[in-house]
Amino acid sequence: MPYEFLTVEVVDRIATVTITRPDKLNALNARVLAELDGVFTALATDRLVGAVIVTGAGRSFVAGADIAEIAANDAAGLERLSAQGQAIFNRIERLPKPVIAAVNGFALGGGCELALACHIRVASEHAKFGLPEVKLGLIPGYGGTQRLPRLVGKGRALQLILTGEQIDAAEAYRIGLVDVVATTATLHDVARSIALQVSKNGPVAVARAIEAVNDGFDRPADDAMALEARLFGTLGATKDMAEGTAAFLAKRPAQFSGE
Ligand code: COA
């Protein structure tokens, strides 16, 4: 699929997906959403890719859903749009390889929600986060009302959602909304080094870890533990587990095949 609003570059098994609609601060219109859906569907099974970085071109990560498109929708259209955005961001959250948000600027509304759907968030010191939908007479609709409280707690999430205020990277780090803050100059190197670090590990184990955390999170503890045990067990049948443990015992680096 030729992309109008994405560039995709693969170096050292790390795919960098750059949302490239800078004149609209990378706002998510229907085409950008469809392209994100397409690229993440392809990346999920691309054996040449072990990790993904998502970032934005220019001074913004993503400044939200496209407000002009939103304004043209009726109630049924908005519900469909929300379900569509949620499905795409769920696909990102469930990708069986690490997805790292390199937040280079505004991460507002759908942009904040995109970052929330990623597994790890790295922000430039000048990044700004917020869910300003209530200022538009809306609520976050791409998972923000659900993922933000799970990440930072209900009180802080409600404060951000109800005020619609923007917070800077330092505050986002303080409340646990971002995991690492980098300078503007080092943002992409920091994101890459995390991606490289993860992609040296057993790929099947990384995929199962993502699955265990995602699928266990909202289950009762006993159920979630049973899920962990089941996934832990499946790794016993993998070449990666045989290789990882043999390499440790032989005091040599592991060579994982992803099988
Ligand atoms: N949807 C559609 N267009 C958007 C947009 C969005 N979410 N965010 C920014 N843009 C457009 C602007 O309309 C403007 O387009 P124009 O040059 O054709 O007029 C362009 O991007 C640049 O934005 P501008 O507002 O001029 O930049 P700024 O530096 O003054 O302000 C923001 C930056 C991010 C504070 C401001 O653009 C903003 O508040 N955006 C909306 C954020 C939002 O509410 N997101 C949630 C949407 S549900």
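The values are calculated or read from the model by the stated rules, or taken from the named source; none is laboratory data. Here the structure is a predicted model, which means the values were calculated and not measured. Methodologically, a virtual Cβ is constructed for each residue, glycine included, from the backbone with ideal geometry; neighbour enumeration extends over all protein chains shown. For the accessible areas, the whole protein counts, side chains as well, though only heavy atoms, and no ligand, DNA or RNA atoms are used. Shrake-Rupley method; radii C 1.70, N 1.55, O 1.52, S 1.80 Å.
Quick check: net charge around residue 253, other residues with Cβ under 15 Å of its Cβ, Lys/Arg +1 and Asp/Glu -1? Around residue 253, the surrounding residues sum to +1. Length available on full extension from residue 145 to residue 46: 0.36 nm per residue minus the Cα-Cα distance, which gives 32.5 nm. Residues whose amide H comes within less than 5 Å of that of residue 182, counting only those at least five positions distant or on another chain, are 123, 124, 125 (H built at 1.01 Å from N in the peptide plane). Derived scalar couplings between HN and Hα for region 21-30 equal 9, x, 5, 10, 6, 6, 4, 8, 8, 4 Hz in order, rounded to whole Hz, by the Karplus curve 6.51 cos²θ - 1.76 cosθ + 1.60 (θ = phi - 60°), x for Gly and Pro.
Using the Cβ of residue 98 as centre and a radius below 13 Å, the other residues enclosed give a net charge of +4, where K and R count +1 and D and E count -1.
Using Cβ point charges alone (K and R +1, D and E -1), the dipole size of region 220-259 about the Cα centre works out to roughly 320 debye. Filter the cross-link list 24/154; 97/154; 97/251; 97/239; 24/97 down to pairs whose alpha-carbon distance in this structure exceeds 22 Å. Checking Cα-Cα distances, 24/154; 97/154; 97/251; 24/97 exceed 22 Å. Here each label is just a point 7 Å from Cα along the line to Cβ, and for residue 179 and residue 196 those points are 1.7 nm apart. Most mobile of 113, 79, 35 per a Gaussian network model of the chain (Cα springs, under 10 Å)? Fluctuation is largest for 79. For the pair residue 135 and residue 234, the difference between a 0.36 nm per residue extended length and the Cα-Cα distance amounts to 30.9 nm.
Length gained on full extension, residue 170 to residue 248, computed as 0.36 nm times the residue gap minus the Cα-Cα distance: 24.2 nm. Taking all protein chains together, 20, 45 sort by accessible area into 45, 20, largest first [probe 1.4 Å].
Among bridges DSSP assigns within the chain, what percent are antiparallel (round to 5)?
Expressed as a percentage, antiparallel bridges in the chain total about 25.
The share of C-alpha pairs in region 6-199 whose separation exceeds 20 Å stands at 50 percent.
Computed with every protein chain present, the accessible area of residue 6 is close to 10 Å² [probe 1.4 Å].
Only helical runs count toward this figure. For the chain, summing -39,500 (n - 2.57) over DSSP H runs of n ≥ 4 and dividing by all residues gives -14500 deg cm²/dmol at 222 nm. Note on the chain: with a GNM built from Cα contacts shorter than 10 Å, the maximum mean-square fluctuation among 68, 44, 83 falls on 68.
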